[in-house]
Amino acid sequence: MIVTTSHPGVWSRTIDVYVPAQYVRGSEAPFIVVGDGGSNAYKDLAVTLDNLIAQRRVPPMIAIQIGNGGQDAQGSQRGREYDAVSGAYAQFVEREVLPLVEKNADVKLTRNPDGRATMGLSSSGVAAFTMAWFYPDLYHRVLAFSPTMVNQQWPHDPSLRGGAWEYHSAWTGPATPHLISKAGVLTPAEPPGLPLIVAAPTKPIRFWFFGGDQDLFYPNPTIPDGMHDWTLSNALMAKVLAEKGYHYQFLFVRNAKHVDRPTIAQTLPSALEWVWKGYPIP
């Protein structure tokens, strides 16, 4: 499916960097990478971090908000960045964003994955998890609001046709084989197997997320694939994470819509505290 109102966006990105007053210049600091930077959902982030750090509930951390490429869903630059189930976005952050942050903000970011976190909402929420999934040697801590754990992948990947839905559940589409690329040619592979989380060894990821009972729902007559229910997908994520023994916390929120702003305002402090649990606080 292509969303015809979406189109490629801009190549530049606005990046906002929060540096706590407690940061000692030249020292190595933990940090959190925040997708959909500049969203109104994060309007209280700086004050929240100020208070949590002062109360020694979280370590003094750098917060790096990265703006998205614009538009939404399939066909958009934002969709290409966030919904593709691959390591490409994490590579972009590692190679391009973090070096510029260190240079322009005069900070030193830790290389210890236990001191690196990701955060996002909706599609940037699944991107936050994807960064840690593909690079557990870079990120161990993830926080997401209504993450898009559904079949929203763009560009379409024939080797993982269900996109993020296949983190927790099997592909529900036509029973045709996966395709893989051999010498640039798409070739049938084995039939669809177990979901990604189920099939892989447990990774050192600590994951906090919420979903609302009034989140985005299937059935949607324009996307009749059985893989577009945000509420169900988040519940299924919690199920497979529990079965695999992950450290996770899932909040199922009553009377809450997609990326519910009151829920974020009420839960952000405790969510940050939980995500950073176990990390030393000076």
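Worth pointing out:
- For segment 206-213, the count of residues that are open to solvent by 70 Å² or more (accessible area, probe 1.4 Å), closer than 23 Å to G115 by Cβ, touching a helix residue (DSSP H, G or I) at 6+ places or on another chain (Cβ under 9 Å) and modelled with pLDDT of 95 or more is zero.
- Extreme residue, farthest from R116 (Cα to Cα), among residues of segment 270-280 that are out of contact with any Leu (no Cβ under 8 Å at 6 or more places or on another chain) and open to solvent by less than 50 Å² (accessible area, probe 1.4 Å): W274
- When residues of segment 38-59 are limited to those that are in contact with a strand residue (DSSP E or B) (Cβ under 7 Å, 6 or more places away or on another chain) and more than 15 Å from L121 (Cβ to Cβ), the one most open to solvent (accessible area, probe 1.4 Å): A46
- Taking the criterion of being part of a loop (DSSP other than H, G, I, E, B), out of contact with any Leu (no Cβ under 7 Å at 6 or more places or on another chain) and not basic (K, R), the residues of segment 232-269 that qualify are G245, Y246, D260.
- Residue in segment 182-196 that is at pLDDT below 95, part of a helix (DSSP H, G or I) and either open to solvent by 50 Å² or more (accessible area, probe 1.4 Å) or within 20 Å of W133 (Cα to Cα) (or both) present: yes
- Residues in segment 85-98 that are open to solvent by 30 Å² or more (accessible area, probe 1.4 Å) and under 14 Å from G67 (Cβ atoms): F92, E96.
- When each of G69, G75 is tested for being in a loop (DSSP other than H, G, I, E, B) and open to solvent by 10 Å² or more (accessible area, probe 1.4 Å), the lone residue that passes is G75.
- Candidates in segment 99-120 are the residues that are touching a His at 6+ places or on another chain (Cβ under 9 Å) and assigned to a helix (DSSP H, G or I); of these, the one that is most open to solvent (accessible area, probe 1.4 Å) is D114.
- Residue within segment 214-234 that is small (G, A, S), out of contact with any Ser or Thr (no Cβ under 8 Å at 6 or more places or on another chain) and at pLDDT below 95 present: no
- The lone exception for G70 - which of (1) touching a Phe, Trp or Tyr at 6+ places or on another chain (Cβ under 8 Å); (2) within 18 Å of I15 (Cα to Cα); (3) of a type outside the set (F, W, Y) it fails: (1)
The values are calculated or read from the model by the stated rules, or taken from the named source; none is laboratory data. What you are looking at is a predicted structure, and each value in this text was computed from that prediction instead of being measured. Don't worry about glycine lacking a Cβ; one is built from the backbone with ideal geometry, like all the others, and counts go over all protein chains shown. Just so you know, the surface numbers come from the protein's heavy atoms only, side chains and all, with ligands and any DNA or RNA stripped out. Shrake-Rupley method; radii C 1.70, N 1.55, O 1.52, S 1.80 Å.
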